[in-house]
1. Post the alpha-carbon centroid distance, region D:14-74 to region A:15-52, in whole angstrom.
2. Which shape class applies to the protein assembly as shown: rounded if a/c is under 1.5, otherwise prolate when a/b exceeds b/c and oblate if not, where a ≥ b ≥ c are the square roots of the Cα gyration tensor eigenvalues?
3. Counting alpha carbon pairs within less than 8 Å and at least 6 residues apart, what relative contact order, in whole percent, applies to chain E?
4. Semi-axes, largest first, in whole Å: what does sqrt of 5 times each Cα gyration tensor eigenvalue give for region E:1-104?
5. Test of understanding: ordering D:Thr56, F:Thr62 by Cβ neighbours within 10 Å, fewest first, what list do you get?
6. What nm value, rounded to one decimal, do you get for the distance between C:Arg50 and B:Ser27 when each label is placed 7 Å out toward the C-beta?
7. Lysines within cross-link reach of A:Lys108: Cα-Cα under 18 Å, excluding same-chain residues under 8 positions apart?
8. Find, to one decimal place in angstroms, the Kirkwood hydrodynamic radius of region F:44-128, where the mean of 1/r is taken over every pair of different Cα atoms and then inverted.
Protein chains: 6
Amino acid sequence: MESKRYEIGLKKLQEVDGAEGISVVESLNDFAPDMGKYIVEFAFGDIYNRNGLSLTNRQAVTIAALSALGGCEKQLQIHINAALNVGLKQEEIIEIIIHCVPYIGFPKALNALSVAKEVFKDKKTGGE
Amino acid sequence: MESKRYEIGLKKLQEVDGAEGISVVESLNDFAPDMGKYIVEFAFGDIYNRNGLSLTNRQAVTIAALSALGGCEKQLQIHINAALNVGLKQEEIIEIIIHCVPYIGFPKALNALSVAKEVFKDKKTGGE
Amino acid sequence: MESKRYEIGLKKLQEVDGAEGISVVESLNDFAPDMGKYIVEFAFGDIYNRNGLSLTNRQAVTIAALSALGGCEKQLQIHINAALNVGLKQEEIIEIIIHCVPYIGFPKALNALSVAKEVFKDKKTGGE
Amino acid sequence: MESKRYEIGLKKLQEVDGAEGISVVESLNDFAPDMGKYIVEFAFGDIYNRNGLSLTNRQAVTIAALSALGGCEKQLQIHINAALNVGLKQEEIIEIIIHCVPYIGFPKALNALSVAKEVFKDKKTGGE
Amino acid sequence: MESKRYEIGLKKLQEVDGAEGISVVESLNDFAPDMGKYIVEFAFGDIYNRNGLSLTNRQAVTIAALSALGGCEKQLQIHINAALNVGLKQEEIIEIIIHCVPYIGFPKALNALSVAKEVFKDKKTGGE
Amino acid sequence: MESKRYEIGLKKLQEVDGAEGISVVESLNDFAPDMGKYIVEFAFGDIYNRNGLSLTNRQAVTIAALSALGGCEKQLQIHINAALNVGLKQEEIIEIIIHCVPYIGFPKALNALSVAKEVFKDKKTGGE
């Protein structure tokens, strides 16, 4: 009964965010299931699935946008993880955040780096 | 008497933002010259001059950050121009902004697209 | 060849934003047509078309969110117009913005009121 | 010795935010008592006490504004609680936040939904 | 029939913002008069009238807050004018904005400097 | 091998932020050392080291900017501490934040006051 957009989106979400992305959507299931549906269908089925930008570039853009917004540490964590999944190196992620400093200021960039530090540490501890 | 960072930064500013970037710095000269100096030395001499990220990727990240901040239409105009200068295609710039929609919402993305539309039109009218 | 979501969304956009909303989507057609498509399909076909909140309440929520974001005067203009279309009174729109003051501060609320003032004046001049 | 605005505000604060609102004001008493006074007098005595918008609509507007600001999870918690106090249903609160997605993006909306989930869980555990 | 807070606030508004501040309040009179009333009573009668911070320090803090918010150019214009009224020098205002750069980034600081440049130019043209 | 800007900046960082500031920079050393370098060289060596504004005024401006940005509680904590280091009194810091209320709204100001409360408590417990 799932739409084709949902199917495509779920596959893309799995590819990009891995188990963590699926778990965000599942955690919404018994509470606000349509929110999970829109994340899958729109953010991943419609947007992430587009051509014209590589997945690594998409993650670079996502990290910049989330760092600039501020207050989105949970989403940054998922998307920094996703950035590693799709092939960005740790140094590239740090470079993206440092590049944002002149535009968004040090505090928001430091917050983003703190999230990156935690994600990289977890990867190590996790045995990858 | 200019520092080496200033020299490097000015060259990079010229390369990235072209005449428009130089004109921003010059417009600050009789008013807040240190502001222009810091843009040249720090934003371009220190940050843009770093390795680890291509100039096209730096512009993609800049456009995402400025779109997410909101209210930075003047700077977006310069950096969308710069993005074309360093080799991003018009469709790629549109794609970067569309990719931001799920993170920053439609209104900020529409504002960024309006700026892009104006920049692209000026390029055309200008004979390119 | 338009999807059902597009059809539903276009009808809803027409109902809520009227000619002005259609014109925003059309202005994207030769530049970033997918952006217009997503506004119609997702923002109006998926979200505005939901049950559980009246159209007047949806516009109240939209005005509050746009006022809080800041820098979205163009979108506020369209949605204050839309608020009148779906039946909110001018005093109610002012009341919504005044209610936001303790949360978003006076400057953003003043910006939103300026937009409202212009919209209300245009309505009058326009003969309504 | 309390002003009439304070009295009116305190009564309104009690009505809207309940014990939790009172506790915020009290926690300011030995530290920045004027801040508590202004919350009571201005936010509740002046603004919440106005006519022209129902209390449920005021809470809908407040939730939208706080979600859009970002980084105001503590205040969202109090005002989602308050929304239940004045008669909004859980599904309506979720609907308000979902309605904000196209304007504020998924990350801020997800943060708001996380707060709502916690508040609703506490209500249940608390025996209501 | 005006309250004492209104009287005090109006005097303070006159002292700080001068004719321009009065004109903002008056422009609200036929549209959203309570908004003007709250600006006078709360922002100026309650807050600006407090002890514990000099008027020049209050203006420095205001300029920093408005620059950081972004999108508040109209209010920045009034408060940079006010800063000159209460005795801050042009160089101090520029210094305040430059000091904000590491926290808020170059774009928002450049926007604030543009406003300052206009205000200073108007002062000159105006014969001061 | 450290530049003169680094030396000047480190001395200023020590003077303003004390041990806590040094620890932020050190925590970046094994992860993103250039970020620490830029904080020292640019934020402290270039900006904080400027004339034209006293250190207490610089801290007032910093606290206002960080409160207005929102979501920068960690940086607020360091800079409220720094404000005490350079001679601002606790009541002055509270006054700065209360002054921001009309501009940034109650929620962001309450978040800033919460940080201040924690910092002041730690100072006391720490034996000062």
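Quick note: the coordinates plus some simple rules give every number you see, no bench work behind them. As the structure is a prediction and not an experimental result, all values here were calculated from the model. Positions of Cβ are generated from backbone atoms using ideal geometry, with glycine treated the same way; all protein chains shown enter the neighbour counts.
1. 34
2. Note, shape of the protein assembly as shown comes out rounded.
3. Values: 127 pairs, mean separation 31.4, N = 128.
Relative contact order, chain E: 25 percent.
4. 25, 15, 12
5. Numbers: D:Thr56 15, F:Thr62 27.
Result, fewest neighbours first: D:Thr56, F:Thr62.
6. About 4.2 nm separates the two model spin labels.
7. The reachable lysines, counting only those whose Cα sits under 18 Å from A:Lys108, are A:Lys74, A:Lys117, D:Lys108, E:Lys108, F:Lys37, F:Lys74, F:Lys108.
8. One decimal place: 13.0 Å for the Kirkwood radius.
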